[in-house]
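A short reminder: the numbers here are calculations on the coordinates, not readings from a lab. These figures come from a predicted structure and were not determined experimentally. For neighbour counting, all protein chains shown are included, and Cβ atoms are generated from backbone atoms with ideal geometry for every residue, glycine included.
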Amino acid sequence: MQNKETNLQNDIRLALSETCVIFRGNVGGFYTDYGGYISTGLPKGFPDLFGFRKRDGKMVFIEVKTAKGRVRKEQAHFMEVMDGYDVLHGIARSVEEAEAIVR
């Protein structure tokens, strides 16, 4: 069973599919047979969803949170850094908030 945030990510991806190409950033880790830990995926703070708006190719970064979800320090820092660039970015707690980010 998927958690509420994963369901919201999927709802946002579907809702934005007409206007954007959106990818989900998957991360995880595992232990090797020899006991070493390997972390896969993206750096800490990288948003859950990323891609581009179809009409102009503008990059999109969306951190998805449930109504009660808390933004981690690394996630807030990523968004602050993006403030300095001409990209679409933000934190979405609903499909409507995600749509507003890419408008």
For Lys4, go through the aspartates and glutamates and keep the ones whose alpha-carbon is under 15 Å away, minus same-chain ones fewer than eight residues off. Asp48, Glu63
Could you tell me the distance between the Cα centroids of region 39-103 and region 1-23, to the nearest Å? 13
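Provide Ser39, Ser94 in ascending order of the number of other Cβ atoms located within 10 Å of each residue's Cβ, fewest first.
Working: Ser39 11, Ser94 16.
Fewest-to-most Cβ neighbours within 10 Å comes out as Ser39, Ser94.
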Fewest to most Cβ atoms within 10 Å: Ile12, Ile38 sort as Ile38, Ile12
Return one quarter of the surface area of the convex hull spanned by the alpha-carbon atoms of region 30-94, equal to its mean projected area, in nm². 6.4
Just want the ordering: Arg13, Arg53, from fewest to most Cβ atoms lying within 10 Å of their own Cβ. Arg53, Arg13
Name the residue farthest towards the positive end of the dipole of the chain from the options Leu8, Tyr37, Ala100, assuming +1 on Cβ of Lys and Arg, -1 on Cβ of Asp and Glu, about the Cα centre. Leu8
What are the ³J(HN,Hα) couplings of region 69-77, residue after residue, when phi is run through the Karplus curve with 6.51, -1.76, 1.60 and θ = phi - 60°? Round to Hz, x for glycine and proline. x, 9, 7, 6, 3, 5, 5, 4, 4
Mean ellipticity per residue at 222 nm, deg cm²/dmol - from DSSP H runs of n ≥ 4 across the chain, formula -39500 (n - 2.57): -9000 deg cm²/dmol
Exposed-site-free run, longest, the chain (rule: chymotrypsin sites (Phe, Trp or Tyr not before Pro); DSSP loop; at most 14 other C-beta within 10 Å): 35-84
